[in-house]
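The values are calculated or read from the model by the stated rules, or taken from the named source; none is laboratory data. Just so you know, these numbers come straight off a predicted model, no measurement behind them. Note that we place each Cβ from the backbone using ideal geometry, even for glycine, and neighbour counts take in every protein chain shown.
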Amino acid sequence: MNFDFSDDQNMLRDEVRKFLINESPLIEARQVMEQEQLYSQPVWRGLTGLGVTSLMLPVSCGGHGLGALELCVVAEEIGRQLAPVPLASTLYLALQALLLGASEAQQQRWLPRIADGAIATLAAPLDAAQGMVLPRFDGRALHGLAPLVSDGEAAAFAVVLAQDEAHRPLLVVADLDASVARRRLATLDKSRPFAELRFEATPAEALDACTDAIAVLAQVRNRAAILLAFEQLGGADAALEMACGYARERKAFGRAIGSYQGIKHKLADIYTGNQMARSHCYYGAWALLSDAPELPLAAAGARTSASAAFSYAAQENIQTHGGMGYTWELDCHMFYRRARQLAVMLGSSHVWREQLVQNLERQLVA
């Protein structure tokens, strides 16, 4: 088994990294956060121009017809720069739902819009919440509330988990037009906003190829978990680099603080956690590419380890910077905010650990 990316995929990584370093430095995320913008429009346009939004789309829908590995590479670089763009809502969530649940004719209608840079999202509970009241679909239109939607204020259209007249769950897709009332929600990381959507007779259509909405959502959640884990991995590596850079420059008692064991051991622990997460992410990428039956196990492992690695790296980056690390002027808090928000985006660590344990138990019984 090959545990590394190909030359072409690494070339894609280099191109995306160069673009993001030039066009989306940390000051870009800070500006979006401080000015409470929805996202960075220049960066999103640039990524669309690079073909990022077309990577996983079928050629017949204006895409490149590539696999999930290329998107994993991009996700890691997005995480490294804390890029304030709606990549997760559009490509990890909405796109995966359309690929799994939409008919070919529906894909022909909706996917080219993503290729052209339209923002999409998924309005569905992905945190294993039970008993949530879903919007109602009467066969033609949506009525009701979607309470927590990633990039809901900026999205042009959404895949929505709704219920029909018989209270059966189904997935529908709808343009988010003037019939949708949007309300921004307070979030820890304002560069990754969420919104509440209220549908008032919003025209929609059911996804024709989706016979089991809950099963499709479970697949979407596992796919998104792996892609989001790569984003967390990139952020964890960047936080480590930031901490190491400061430890080399900052002096105390005539020596760089990085020469003291208290700092060296801290940085070594971050590195170890990041490499453990990388192993799980690569296993998840393999499972995602091959659609392996181990996908739920791999997704849980990647999600659990990457959340822990990014949270620890962001926290210890602040500690390495000492009292300055807590100030608004330094960028340490931006990694901490992103780490905390991503850690709960698809459900808490407890939910993912439970999924990990359940899948390991099934393997032992089989």
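Determine, yes or no, whether P84 is over 10 Å from the mean Cα position of the chain (by Cα) and without any contact (Cβ under 8 Å) to a residue 60 or more places away in the chain. Show your work before the answer.
Numbers: over 10 Å from the mean Cα position of the chain (by Cα): yes; without any contact (Cβ under 8 Å) to a residue 60 or more places away in the chain: no.
No, not satisfied.
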Quiz item: When L142 is evaluated against the numbered criteria (1) under 27 Å from R337 (Cα atoms); (2) not in a loop (DSSP other than H, G, I, E, B), which criterion, by number, is the only one it fails?
Solution: (1)
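If you take just the strands (runs of 3 or more DSSP E) that sit entirely in region 160-262, which of them hold at least 1 residues that are more than 21 Å from the chain's Cα centre (by Cα) and of a type in the set (D, E)? Talk me through it step by step, then tell me what you get.
Numbers: elements: 169-175, 180-184, 194-203.
Hits in region 160-262: 169-175, 194-203.
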Quiz prompt | Residue tally, condition over 14 Å from G234 (Cα atoms) and of a type in the set (A, V, I, L, M, F, W, C), over region 14-30 | solution = 3
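Please indicate, with yes or no, whether at least one residue in region 37-49 is hydroxyl-bearing (S, T, Y) and crowded, with 19+ Cβ neighbours inside 10 Å. Break it down into steps so the answer makes sense when it comes.
Let us first name the residues in region 37-49 that are hydroxyl-bearing (S, T, Y), namely 39-40, 48.
After this cut, where a residue has to be crowded, with 19+ Cβ neighbours inside 10 Å as well, the list is 39-40.
Yes, the conditions are met somewhere in region 37-49.
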Quiz item: Can you pull out the residues in region 136-155 that are under 23 Å from R223 (Cβ atoms) and in contact with a Leu (Cβ under 6 Å, 6 or more places away or on another chain)?
Solution: A146, V149, G152, A154, A155
Quiz item: Out of curiosity, is D331 in the same structural domain as A236 (by the TED database) and surrounded by 13 or more Cβ atoms within 10 Å (Cβ to Cβ)?
Solution: yes
Self-check item: Every pair of residues 6+ apart whose Cβ atoms lie under 6 Å, when the first sits in region 55-79 and is closer than 25 Å to E104 by Cα while the second is hydroxyl-bearing (S, T, Y)
Solution: G63/S54; H64/S54
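Is there a residue being of a type in the set (G, A, S) and within 25 Å of A213 (Cα to Cα) anywhere in region 130-139? Step through it out loud before you land on a result.
Applying the first criterion (of a type in the set (G, A, S)) to region 130-139 yields 131, 139.
Those still in the list that are within 25 Å of A213 (Cα to Cα) too: 131, 139.
Checked region 130-139: at least one residue is of a type in the set (G, A, S) and within 25 Å of A213 (Cα to Cα).
Is there a residue in region 263-274 that is in contact with a Cys (Cβ under 7 Å, 6 or more places away or on another chain) and either in contact (Cβ under 8 Å) with a residue 60 or more places away in the chain or more than 24 Å from Q31 (Cβ to Cβ) (or both)? Give the steps one after another, and end with the answer.
Within region 263-274, the subset in contact with a Cys (Cβ under 7 Å, 6 or more places away or on another chain) is 267.
Then drop every residue that is not either in contact (Cβ under 8 Å) with a residue 60 or more places away in the chain or more than 24 Å from Q31 (Cβ to Cβ) (or both), which leaves 267.
Yes, there is a match, as at least one residue in region 263-274 is in contact with a Cys (Cβ under 7 Å, 6 or more places away or on another chain) and either in contact (Cβ under 8 Å) with a residue 60 or more places away in the chain or more than 24 Å from Q31 (Cβ to Cβ) (or both).
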Self-check item: Odd one out for A156 among (1) in contact with a helix residue (DSSP H, G or I) (Cβ under 8 Å, 6 or more places away or on another chain); (2) crowded, with 17+ Cβ neighbours inside 10 Å; (3) of a type in the set (A, V, I, L, M, F, W, C)
Solution: (2)
Quiz prompt | Top-ranked residue of region 193-252 - restricted to ones that are basic (K, R) and over 30 Å from L134 (Cα atoms), ranked as surrounded by the most Cβ atoms within 10 Å (Cβ to Cβ) | solution = R250
Quiz item: Looking at region 155-170, which of the residues that are of a type in the set (G, A, S) and touching a residue at least 40 places away in the same chain (Cβ under 8 Å) is farthest from S89 (Cα to Cα)?
Solution: A162
Quiz item: Somewhere in region 70-89, is a residue closer than 25 Å to A174 by Cα, of a type in the set (V, I, T) and surrounded by fewer than 19 Cβ atoms within 10 Å (Cβ to Cβ)?
Solution: no
Practice problem: Check region 337-354 and report whether any residue there is of a type in the set (K, R) and more than 16 Å from A309 (Cβ to Cβ). | Solution: yes
